[in-house]
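The structure under discussion appears below in the form of structure tokens.
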Amino acid sequence: MNEYLYKFKHSLPWLARYPLVRASAFLRGRADEKTRVIITIADHFEPAWSAGGHLGIDVQRRRLDAYYKTARATGEAVRDSDGTKFRHTNFYPAEQYDAGLLDVLAEMQREGLGEVEIHLHHGLEKPDTAENLRKVLIEFRDILAERHKCLSRLDGAGEPRYAFVHGNLALANSYGGKFCGVDDEMQILSETGCYADMTLPSAPLETQVPVLNKIYECARPLTERAPHRKGKDLTAGKMPQFPIIFTGPLVFNWTRRIRGLPVPRLDDGALAANQPLDEARFRRWLSAGISVAGRPEWIFIKLYCHGFFDHDQEFSIGEQARRFFSETVERGEKTGEYSVHFASAREAVNMVFAALDGRKGSPNDFRDYRLRPVMSPEFQIDEREGENQRAQICI
């Protein structure tokens, strides 16, 4: 089938709903209170990636060291309305685990430069099995929590909890059987401690479900293939069924012109070189109006990137990102229209829980509301303290 026909065919279910979703967001309008914009960046964090195949561990370590320096510079230069550093949430692939690399990521987390969550590519050569998937998730979850002090626990107790991004966007075997193979994947995610999936949006692939621009619960049984293709709103005062589906914005950009005619392109919140960062783009994300019951003034913008796509780094963590996010924060503070709050995946979900519980005030007050980091506060150090500690160790 022609590629364009393939994309159109599989886009019809969500395209049919798109006008209604956009109209609903417009009619909701803005709340009377100041808008709080909660920005979360899901980084598909793969230092082994290259167009020519996986890189050796020595090259990965050099790439990560360079990335760390860039992330630190950006985090120090760009702070949100609360003084929180700009950061990504680093979804690290379980199948590429290396203890040394994760030690560095844990150090970045201590500096407030990004928490670690779980990414997974599986079912690549042949369909995976439920038994193997469960084993891989539990083993990686426990390594992250026990050895590296990453992830979180609900109310500070019990088994580790995690956020998830599916490799190749094939969540719950939604890619026609490719890149997964486990129909009951969502049930396994739930049973192994996943509190939120942040894979979507994935248009124009067939993995894009008809539910868009929303934070929601699966409306189909979790044992079914792609149970997230139908959703139900989160209920105020009630803990949702895990994992919740936390989507990013999916909107059309109508500014492109070909021979003078408007030709729309999709804006799916990717921090990439082929989609420039400017105020108009921020307004598109804002217009998606992703919020939860009881807190319409809290707008959640979940973006994504591939941290080791070299050509995109300027736009995801480097100079272009630094300029854009600084200007966005400053514009909000200057006009009083909105405030910006950088949040990890865990913090953003905590803010969702607080909204459902009717909590008032700033979302900054609820970063550790229910999901508490395994890495205890006494291990959270700022950059200068970290440098001093490392210098003392070297001496």
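The values are calculated or read from the model by the stated rules, or taken from the named source; none is laboratory data. Values in this document were obtained by computation on a predicted structure and should not be read as measured data. We place every Cβ from the backbone using ideal geometry, glycine too, and count neighbours over all the protein chains shown. Side chains are part of the model used for accessible areas, which takes the heavy atoms of the whole protein and leaves out ligands, DNA and RNA. Shrake-Rupley method; radii C 1.70, N 1.55, O 1.52, S 1.80 Å.
If you filter segment 138-166 down to residues that are touching a residue at least 60 places away in the same chain (Cβ under 8 Å) and open to solvent by 30 Å² or more (accessible area, probe 1.4 Å), you find that the one that is nearest to Leu120 (Cα to Cα) is Arg161. Scanning segment 351-376 for residues that are part of a loop (DSSP other than H, G, I, E, B) and either surrounded by fewer than 19 Cβ atoms within 10 Å (Cβ to Cβ) or of a type in the set (A, V, I, L, M) (or both) yields a total of 10.
From the list Arg36, Arg22, which one is within 23 Å of Ser344 (Cα to Cα), of a type in the set (Lys, Arg) and under 23 Å from the mean Cα position of the chain (by Cα)?
Answer to the check: Arg36.
Scan segment 234-242 and tell me whether some residue there is within 27 Å of Leu124 (Cβ to Cβ), out of contact with any Asp or Glu (no Cβ under 8 Å at 6 or more places or on another chain), at pLDDT 95 or above and open to solvent by less than 10 Å² (accessible area, probe 1.4 Å).
No: zero hits.
Report yes if Ala272 is touching a strand residue (DSSP E or B) at 6+ places or on another chain (Cβ under 9 Å), farther than 18 Å from Phe246 by Cβ, part of a loop (DSSP other than H, G, I, E, B) and at pLDDT 95 or above, otherwise no.
Considered against the rule, which asks whether it is touching a strand residue (DSSP E or B) at 6+ places or on another chain (Cβ under 9 Å), farther than 18 Å from Phe246 by Cβ, part of a loop (DSSP other than H, G, I, E, B) and at pLDDT 95 or above, Ala272 comes out as yes.
Based on what the data block shows, is Leu169 closer than 28 Å to Val352 by Cα and either open to solvent by less than 30 Å² (accessible area, probe 1.4 Å) or acidic (Asp, Glu) (or both)? For Leu169, the condition - closer than 28 Å to Val352 by Cα and either open to solvent by less than 30 Å² (accessible area, probe 1.4 Å) or acidic (Asp, Glu) (or both) - is not met.
In segment 76-93, the residues that are closer than 23 Å to Glu330 by Cα reach residues that are buried (at least 18 other Cβ atoms within 10 Å of the Cβ) and of a type in the set (S, T, N, Q) with C-beta atoms within less than 7 angstrom, at least six apart or across chains, in these pairs: Ser81/Ser339; Asp82/Asn364; Phe86/Thr74; Arg87/Ser344; Thr89/Thr40; Thr89/Ser344. Counting residues in segment 2-19 that are in contact with a helix residue (DSSP H, G or I) (Cβ under 7 Å, 6 or more places away or on another chain) and surrounded by 15 or more Cβ atoms within 10 Å (Cβ to Cβ) gives zero. Please verify whether Ser316 is of a type in the set (S, T, N, Q) and either farther than 23 Å from Leu113 by Cβ or within 19 Å of the chain's Cα centre (by Cα) (or both), treating the condition exactly as stated. It is true that Ser316 is of a type in the set (S, T, N, Q) and either farther than 23 Å from Leu113 by Cβ or within 19 Å of the chain's Cα centre (by Cα) (or both).
Can you tell me which residues in segment 21-74 are touching a helix residue (DSSP H, G or I) at 6+ places or on another chain (Cβ under 7 Å) and among the small types (Gly, Ala, Ser)? Listed by number, the residues that qualify are Ala25, Ala42, Ala48, Ala71.
Which residues, taken from segment 213-225, are closer than 26 Å to Asn90 by Cβ and either open to solvent by 10 Å² or more (accessible area, probe 1.4 Å) or at pLDDT below 95 (or both)? The answer is Asn213, Lys214. The residues of segment 44-103 that are open to solvent by less than 40 Å² (accessible area, probe 1.4 Å), in a loop (DSSP other than H, G, I, E, B), closer than 30 Å to Glu125 by Cβ and among the hydroxyl-bearing types (Ser, Thr, Tyr) amount to a single one, Ser50.
Entry remark, segment 172-207: residues being surrounded by fewer than 24 Cβ atoms within 10 Å (Cβ to Cβ), in contact with a Ser or Thr (Cβ under 7 Å, 6 or more places away or on another chain) and polar (S, T, N, Q) number 1 in total. Could you pull out the residue among Val251, Val292 that is touching a residue at least 60 places away in the same chain (Cβ under 8 Å), open to solvent by less than 40 Å² (accessible area, probe 1.4 Å), among the aliphatic types (A, V, I, L, M) and in contact with a Leu (Cβ under 6 Å, 6 or more places away or on another chain)? The conditions single out Val292. Do you know which of the residues in segment 316-350 that are open to solvent by 10 Å² or more (accessible area, probe 1.4 Å) and of a type in the set (Ser, Thr, Tyr) is nearest to Asn364 (Cα to Cα)? The extreme case among them is Ser326. In segment 37-63, the residues that are within 22 Å of Thr199 (Cα to Cα) and among the small types (Gly, Ala, Ser) reach residues that are outside any helix (DSSP H, G or I) and open to solvent by 30 Å² or more (accessible area, probe 1.4 Å) with C-beta atoms within less than 7 angstrom, at least six apart or across chains, in these pairs: Ala42/Tyr304; Ala48/His54; Ala48/Leu55. For beta carbons closer than 6 Å, sequence separation of 6+ or different chains, a first residue in segment 168-189 that is touching a residue at least 40 places away in the same chain (Cβ under 8 Å) and a second that is of a type in the set (Asp, Glu) and assigned to a loop (DSSP other than H, G, I, E, B), the qualifying pairs are Asn173/Asp183; Gly181/Asp128; Val182/Asp128. Among the residues of segment 68-88, is any in contact with a Gly (Cβ under 8 Å, 6 or more places away or on another chain), modelled with pLDDT of 95 or more and within 30 Å of Arg229 (Cβ to Cβ)? Yes, some residue in segment 68-88 is in contact with a Gly (Cβ under 8 Å, 6 or more places away or on another chain), modelled with pLDDT of 95 or more and within 30 Å of Arg229 (Cβ to Cβ).
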